[in-house]
Amino acid sequence: MTNNTDFTACFTGHRHIDPTALKYLPQLLETTLTTLIHNGCRTFRAGGALGFDTLAALKVLELKASYPQIRLHLYLPCRDQTKFWNDDEKYLYQEILTRADDIHYTTDLYTDGCMLQRNREMIDGCDICVAYFQKYGGGTGYSYRYAQRNGVQIINLAEMISQA
């Protein structure tokens, strides 16, 4: 755990979460975030994707009721991120945007590489990355390795679930 009294954590994780893991993940995420908050984490960064990003952002917003000092900053790849999402996914996304403390867009419209650029921007300057990481491919694998290369401490919730 970091020795800072005011530090930043980000999230990275897969869009699709194993149903068995999904039974344990919300409580494990809450326990992990509460521990980080008690150790001085005040800012959480989420990427706005479906799956783990959404789960993590909602958990931070839920915890704000008990810990009003924490902040949720969204790092979004583009303004049209939800273009191909269904109505329920768009509604939940809009709820998170409305309640976030800060929103940063990498670009206005989707471009090749905007997702990876968003991931780098979100991780840069973070002290801890809370991950749900199981496989090396895709944006989550890229972000996980980027955080490792940049000396960001990683808490991988997928490993904790697999050991339970």
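The table below lists the values:
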read-out: Within segment 125-148, tally of residues that are under 12 Å from residue 15 (Cα atoms), at pLDDT below 95 and hydroxyl-bearing (Ser, Thr, Tyr); value: 1
read-out: Close pairs from segment 27-40: first assigned to a loop (DSSP other than H, G, I, E, B), partner β-branched (Val, Ile, Thr) and exposed (fewer than 14 other Cβ atoms within 10 Å of the Cβ), Cβ under 6 Å, at least 6 apart; value: 40/5
read-out: Identity of the residue in segment 96-114, on the phi < 0 side of the Ramachandran plot and free of Cβ contacts under 8 Å to residues at least 12 places away in the same chain, that ends up farthest from the chain's Cα centre (by Cα); value: 112
read-out: Hits in segment 70-117 (condition: among the aromatic types (Phe, Trp, Tyr) and in a loop (DSSP other than H, G, I, E, B)); value: 84, 85, 110
read-out: Any chance residue 57 is assigned to a helix (DSSP H, G or I), closer than 17 Å to residue 123 by Cβ, touching a helix residue (DSSP H, G or I) at 6+ places or on another chain (Cβ under 6 Å) and among the hydrophobic types (A, V, I, L, M, F, W, C); value: yes
read-out: Members of segment 1-19 found to be out of contact with any Leu (no Cβ under 9 Å at 6 or more places or on another chain), farther than 12 Å from residue 128 by Cβ, in contact (Cβ under 8 Å) with a residue 12 or more places away in the chain and surrounded by fewer than 14 Cβ atoms within 10 Å (Cβ to Cβ), listed by number; value: 5, 6
read-out: Matching option when the condition is exposed (fewer than 15 other Cβ atoms within 10 Å of the Cβ) and touching a helix residue (DSSP H, G or I) at 6+ places or on another chain (Cβ under 6 Å), among 99, 145, 149; value: 99
read-out: Residues located in segment 118-158, provided they are more than 15 Å from the chain's Cα centre (by Cα), assigned to a helix (DSSP H, G or I) and among the polar types (S, T, N, Q); value: 148
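The values are calculated or read from the model by the stated rules, or taken from the named source; none is laboratory data. This structure is a prediction, so every number in the text was calculated from the model and none was measured. Cβ: placed from backbone, ideal geometry, glycine included. Neighbour counts: every protein chain shown.
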